[in-house]
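The values are calculated or read from the model by the stated rules, or taken from the named source; none is laboratory data. These numbers come from a predicted model, not from an experiment. All Cβ positions, even for glycine, are placed from backbone atoms using ideal geometry, and neighbour counts span all protein chains on display. When the accessible area is computed, the model is the full protein with side chains, heavy atoms only, and any ligands, DNA or RNA have been set aside. Shrake-Rupley method; radii C 1.70, N 1.55, O 1.52, S 1.80 Å.
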Amino acid sequence: MKTIGLLGGMSWESTAEYYRLLNELTRERLGGLHSARCVLYSVDFAEIERLQVEGRWEEAGAVLASAAGSLEAAGADLLLICTNTMHKVADQVAAAVGIPLLHLADTTAAAVRAAGLRRVGLLGTAFTMEQDFYRDRLAAHGLDVLVPTPESRAVVHRVIYEELCQGIVRAQSRLAYQEVIAELAAAGAEGVILGCTEIELLIAPEHSTLPVFATTRLHAEAAVSAALK
């Protein structure tokens, strides 16, 4: 098995899910006591979040690029950025290493297309929902991407940073997300992308009237498949 490099800590709550999923999926495929070969570089999310808010994306990209280099030096054969939002600097990170970066939006789009869907709603941070780096990547795969209303986007973003990234999961917030999903369905969405790795801590398939595409799990599945080729 190849070694998977995890660029995590954004937040560590979802990075812990990555670690769990990678090991569970490896055990399912190989059986017995097998677990995933992986190395993790976990950044301080407070530093990254400050750069996000201040729009200093190139500086944030430099931090992640340096960390990616450390993962490569530690023996990683492929690289995962364990957050949707920071795929805004994916090209900068990929350029800093000589190992392949498995882009989260590509793995998600492939799953949506495999399900026979084309028009999907996107939930995530305000950066992911409102900027074009993620939506355009999905659109390049032939998807029509819908985002919530400004008011709903504010709710989704607040819950991610003030609750989920801090390990807080509230039933009231789940209901709020379900209302946003219902709005997307009414607008014509055939499915919904949980485009922030923390959202899976709050929304499971049974909580949605639309098919959900859980980006953390999809990314982990693609990583294990790539590592076992």
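Looking only at segment 49-80, which residues are in a helix (DSSP H, G or I), out of contact with any helix residue (DSSP H, G or I) (no Cβ under 8 Å at 6 or more places or on another chain) and either of a type in the set (Lys, Arg) or free of Cβ contacts under 8 Å to residues at least 24 places away in the same chain (or both)? Answer for segment 49-80, where residues must be in a helix (DSSP H, G or I), out of contact with any helix residue (DSSP H, G or I) (no Cβ under 8 Å at 6 or more places or on another chain) and either of a type in the set (Lys, Arg) or free of Cβ contacts under 8 Å to residues at least 24 places away in the same chain (or both): 50, 53, 73.
Note on segment 175-185: residues that are open to solvent by 50 Å² or more (accessible area, probe 1.4 Å) and either touching a His at 6+ places or on another chain (Cβ under 8 Å) or farther than 22 Å from residue 158 by Cβ (or both) amount to 1.
Within segment 194-213, being open to solvent by 10 Å² or more (accessible area, probe 1.4 Å) and over 15 Å from residue 121 (Cβ atoms) holds for 200, 201, 204, 206. Among the residues here, residue 83 does not qualify as assigned to a helix (DSSP H, G or I) and polar (S, T, N, Q).
Just so you know, in segment 19-36 the residues that are in contact with a helix residue (DSSP H, G or I) (Cβ under 9 Å, 6 or more places away or on another chain) and small (Gly, Ala, Ser) include one that is least open to solvent (accessible area, probe 1.4 Å), and it is 36. The numbered conditions (1) over 20 Å from residue 44 (Cα atoms); (2) open to solvent by 30 Å² or more (accessible area, probe 1.4 Å) are all true for residue 143 except (2).
Taking segment 88-122 as the range and being touching a residue at least 12 places away in the same chain (Cβ under 8 Å), assigned to a helix (DSSP H, G or I) and either open to solvent by less than 10 Å² (accessible area, probe 1.4 Å) or more than 16 Å from residue 219 (Cα to Cα) (or both) as the test, the residues that pass are 88, 89, 90, 92, 93, 94, 104, 105, 108, 109, 112.
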